[in-house]
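Enquirer: Sharing a structure below in structure tokens format, with a few things to ask.
Just so it is clear, none of the values below were taken in a lab; they were calculated from the coordinates. All values derive from a computational prediction rather than experimental measurement. We place every Cβ from the backbone using ideal geometry, glycine too, and count neighbours over all the protein chains shown.
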Amino acid sequence: MAITPIDIQQHQFKTRLLGYDTAGVDQFLEMVADELERVSRQHQEVREELARTRSSLQEMQQRESTLKETLLTTQKMVEDIKSNARNEAEIILTEAELKAERVVRDAEQRRIQLINEIQEIKRQKISFETSLRALVESHMRLLDLEVVELENARRDEKLLEEPLPFDEASAPLLVPEDDEED
């Protein structure tokens, strides 16, 4: 049974002829009651402190639990972000490699196309030079023929201008006939 300070203060001892000194007993009981009251208050304060401490501990444990969960979630998110970043980096690298291969392939195709165009231009140049040479040679032959024809024509003109050998003998005969008419 719990004894409170009020129980001690209100407790009455029986008196006897040769019994205790009531004033001394009362004084002692008052001291005990005061001390018990102080201890009871202290005990109550300790209980309240303990309750606050337990509440604070529970709150801190909840915070710790929340922090642990947050930390685990953060670690998982960091791992996911790293994994995603690695995957994205691999994708970007792969795309860059493919693009680089495409650029190199396109450049090689363009180089081959340009080489073919240069070869075609060289063939056209050779063909043009050959055609031009043939044309110049044919014109030269024509010019040579014209020179020969001109020489032949001059010779023919000289021949036409020269008197014919039989014309000289017949020329005097013709003249007298003209004289007879006069």
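Enquirer: Against the empirical 2.2 N^0.38 Å scaling, what ratio does the C-alpha Rg of region 1-112 come to?
Expert: So region 1-112 has a normalised radius of gyration of 3.11.
Enquirer: Report the calculated FRET efficiency for His43 and Phe13 (r = Cβ-Cβ distance, R0 = 22 Å), to the nearest 0.05.
Expert: Here the calculated transfer efficiency is 0.25.
Enquirer: Multiply the residue separation of Ala85 and Asn116 by 0.36 nm, subtract the distance between their alpha-carbon atoms, and state the gained length in nm to one decimal.
Expert: Here the segment from Ala85 to Asn116 would lengthen by 6.6 nm.
Enquirer: At a Förster radius of 45 Å, what calculated FRET efficiency corresponds to the Cβ-Cβ distance of Val78 and Ala51, to the nearest 0.05?
Expert: 0.70
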